[in-house]
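Chemist: Can you keep this structure in mind? I'll have questions shortly.
The values are calculated or read from the model by the stated rules, or taken from the named source; none is laboratory data. Remember, it's a predicted structure, so these values are computed and weren't measured experimentally. Neighbour counts run over all protein chains shown; Cβ positions are idealised from the backbone, glycine included. Calculation scope for accessible area: heavy atoms of the full protein, side chains included, ligands and nucleic acids excluded. Shrake-Rupley method; radii C 1.70, N 1.55, O 1.52, S 1.80 Å.
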Amino acid sequence: MNIGIAVYSETGNTREVAERIRRELENAGHEAELLEITTAAGRRELAEIPSVEPYDTLCIGGPVHHLTVAKPVKLFLEAIPSLQNKKVAFFVTQGQPLSALGGSQAMAFLKRAIHEHSGSPIRAGIVHVSRKSKESEIRRVVEAVVESAG
Ligand SMILES: Cc1cc2nc3c(=O)[nH]c(=O)nc-3n(C[C@H](O)[C@H](O)[C@H](O)COP(=O)(O)O)c2cc1C
């Protein structure tokens, strides 16, 4: 499988998880590439919209901002064409220790947006970066994405 991992990250937490996903996918015999979502004009516009078409399967990851998924991830989802026939695993990272403080809302948003693009959403999980269980949460997210790639 050829897997694209679209990621937005400001302070490195989400990129760290995405990098681990990439390494584990490669260890499992897949081709995997990080697709960085970058912004211009603060967070209001995307500098570049990574193409998702070449990939069999996708993974999308982003941070929670203001109780939902960060705006650049929303802009990315608005900008991409159809996700038809693609499995799309998704995850978020968040600073607060409780999913109710943005993580759950962000995951619900991503699931809906992937559905609206005719993709098949696969929930990989939430990483709470301030929790002691951060490392085991990262491992669960990585495993879920590797499993989704088949
Ligand atoms: C502008 C901004 C808003 C944030 N809002 C929330 C929030 O509502 N809930 C939360 O749990 N964490 C919030 N955070 C913390 C980030 O979700 C957390 O640090 C995340 O892991 C950052 O990912 P990154 O390092 O990939 O940018 C916020 C961070 C920033 C910069």
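Chemist: Does PRO72 meet the test of being within 28 Å of ALA41 (Cα to Cα) and touching an Asp or Glu at 6+ places or on another chain (Cβ under 7 Å)?
Modeler: No: the conditions fail for PRO72.
Chemist: Another one. Scan the strands (runs of 3 or more DSSP E) fully inside region 1-70 and keep the ones with 2 or more residues being touching a residue at least 40 places away in the same chain (Cβ under 8 Å) and either away from the ligand (no atom under 11 Å from the Cβ) or open to solvent by less than 60 Å² (accessible area, probe 1.4 Å) (or both).
Modeler: Those strands (runs of 3 or more DSSP E) span 2-7, 57-65.
Chemist: What residue, among those in region 126-142 that are out of contact with any Gly (no Cβ under 9 Å at 6 or more places or on another chain) and free of Cβ contacts under 8 Å to residues at least 60 places away in the same chain, is surrounded by the fewest Cβ atoms within 10 Å (Cβ to Cβ)?
Modeler: Selected residue: LYS132.
Chemist: Do you know which of the residues in region 74-107 that are within 16 Å of the ligand (Cβ to nearest atom) and in a loop (DSSP other than H, G, I, E, B) is surrounded by the fewest Cβ atoms within 10 Å (Cβ to Cβ)?
Modeler: The extreme case among them is LEU98.
Chemist: Just give me the residues in region 128-149 being hydrophobic (A, V, I, L, M, F, W, C) and either over 11 Å from ILE21 (Cβ atoms) or out of contact with any Phe, Trp or Tyr (no Cβ under 7 Å at 6 or more places or on another chain) (or both), in sequence order.
Modeler: So the first thing to find is which residues in region 128-149 are hydrophobic (A, V, I, L, M, F, W, C), and the list is 129, 138, 141-142, 144-146, 149.
Within region 128-149, VAL129, ILE138, VAL142, ALA144, VAL145, VAL146, ALA149 qualify.
Chemist: Any chance you could count how many residues in region 108-125 are open to solvent by 70 Å² or more (accessible area, probe 1.4 Å) and touching a helix residue (DSSP H, G or I) at 6+ places or on another chain (Cβ under 8 Å)?
Modeler: Residues in region 108-125 being open to solvent by 70 Å² or more (accessible area, probe 1.4 Å) and touching a helix residue (DSSP H, G or I) at 6+ places or on another chain (Cβ under 8 Å): 1 in total.
Chemist: Let me ask something else about it. Can you pull out every residue in region 53-73 that is under 20 Å from ILE3 (Cα atoms) and at pLDDT 95 or above?
Modeler: Within region 53-73, the first condition is being under 20 Å from ILE3 (Cα atoms), and the residues that meet it are 53-62, 73.
Result: TYR55, THR57, LEU58, CYS59, ILE60, GLY61, GLY62, VAL73.
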